[in-house]
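Trainee: Sharing a structure with you now.
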Amino acid sequence: MKMHAITADPVSTLLTSGLKNLWYPVCPSSFVRDQPISLRRFGRKIALWRDASGQVHALEDHCPHRGAPMSQGVILGDRLACPYHGAEVRCDGTVTKVPGSPGCKLEGARAALSFRTREAHGAVFLFNSDTNVDEVPGFSMPQELGSAEFSHFLCYAEWRADYRYTLDNVMDPMHGTFLHKQSHSMSEGDSQATFRIRDTDTGFVFEKVGQRGVNFDWSEFGSTGVHWLRLEIPYPKSGGPGGNFAIIACVTPISPQLCAVFFWRCRKVQGWMRDTWRFLYRNRLEARHWAVLEQDRVMMEQMEIDANARENLYQHDIGLVRLRRLLRGLAEEQVEAGLAS
């Protein structure tokens, strides 16, 4: 089955655009400033803006009157005024005013698709739904992002690859031994390994047997209202103070062959050690980390869209097989429940 091609199969179509009723990071917070912006996520255009208090709002970038881009309009607090004919749409999707035809049936109609948003950890998160919803479940991220004991940086990029290949890449610790073997933090350890899967309260861990704290030795998938992956890489003394280097990853589909990747780089440091590490990161380590990510990007972008249709998997791949089956099972449930559009 060609998982990464759009087909008439509704499950495959849903997986291509992204699961529904789930939180996803859509952009760094710094992207949304004093003017509306337009982003393509989940195969659709979304307009985002801030009101006077700084709250981020989101609507489909499609005026319910004639389909003009709302992102080109004027911010009126929690509303956007369409640039084409002036229709004002509130952040909940309700058309509050039609200047050219007061009292028409469009006024008062909840005719635009709205999205619930939340800012956290330097990013804007959006609840992916095909209908307007007023109450949505919360979400949480791993402790490295929520605890004052940790310090982190957000790395954001867009890769010309199916988002699921990027998920596969993070759920594949063994590639670090080969693709990243020149990295100062992934040059150690055995080039052979046996793996096992260990269930957790929120997902599962895919880990090497008999090797820990040496290389990229494990990867974790978690589902806490948002899907995330976590891994840990040991650091040499030249990496500065703090424990192992943790990475929290989220991947958001943009279109069938384009995705937004979020990597939070975290270390357990406090006080002067936090200041030292943050200085060292900005002035020395960040460039190294981008070099490693560039290796991943090139590999993902050079893979054929149907590369997985000609795979010959072995024991090292049981983690990504588990993740693929989990995501497909969720998609099948959503299609059966009528959530897929």
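Trainee: Do you know the relative contact order of the chain, to the nearest whole percent, from alpha carbon pairs under 8 angstrom that are 6+ apart?
Mentor: Reported relative contact order: 20 percent.
Trainee: Would you calculate a helix-derived [θ] at 222 nm for the chain, using -39,500 (n - 2.57) for each DSSP H run of n ≥ 4 and dividing by the full residue count, to the nearest 500?
Mentor: Roughly -6000 deg cm²/dmol at 222 nm, from the helical runs in the chain.
Trainee: Compare the peptides 52-59, 161-168, 18-25 by average per-residue count of other Cβ atoms within 10 angstrom and give them in order, highest first.
Mentor: Packing proxy ranking, top to bottom: 161-168, 18-25, 52-59.
Trainee: Sorted by mean Cβ packing within 10 Å, highest first, what order do the peptides 60-67, 256-263, 278-285 take?
Mentor: Ranking, from highest mean packing down: 256-263, 60-67, 278-285.
Trainee: Ok, one more. Report Rg(Cα)/(2.2 N^0.38 Å) for the range 12-164, keeping two decimals.
Mentor: Relative to the rule-of-thumb radius for its length, the range 12-164 sits at 1.11.
Trainee: For a quick check: with amide H placed at 1.01 Å from N, whose amide H comes under 5 Å from C63's, ignoring anything fewer than 5 positions away on the same chain?
Mentor: Hits under the 5 Å cutoff: A68, M70.
Trainee: Give me the distance between the Cα centres of the range 141-166 and the range 80-130, rounded to whole Å.
Mentor: Result: 29 Å between the Cα centres.
Trainee: How high is the relative contact order of the range 21-128, in percent, with contacts defined as C-alpha pairs under 8 Å that are six or more residues apart?
Mentor: 27 percent.
Trainee: With the radius of gyration and the Kirkwood radius both derived from the Cα set of the range 143-331, what is their ratio Rg to Rh?
Mentor: Value, to two decimals: 0.95.
Trainee: May I ask you to work out the translational diffusion coefficient for the chain at 25 °C, viscosity 0.890 mPa s, via Stokes-Einstein with Rh from the Kirkwood sum over Cα pairs, reported in whole µm²/s?
Mentor: D, rounded to a whole number, is 114 µm²/s.
Read the figures in this text as sums done on the coordinates, not as results from a lab. Model, not experiment: these values are computed from the prediction. When we count neighbours, we look across all protein chains shown, and the Cβ atoms used for this are built from the backbone with ideal geometry, even at glycine.
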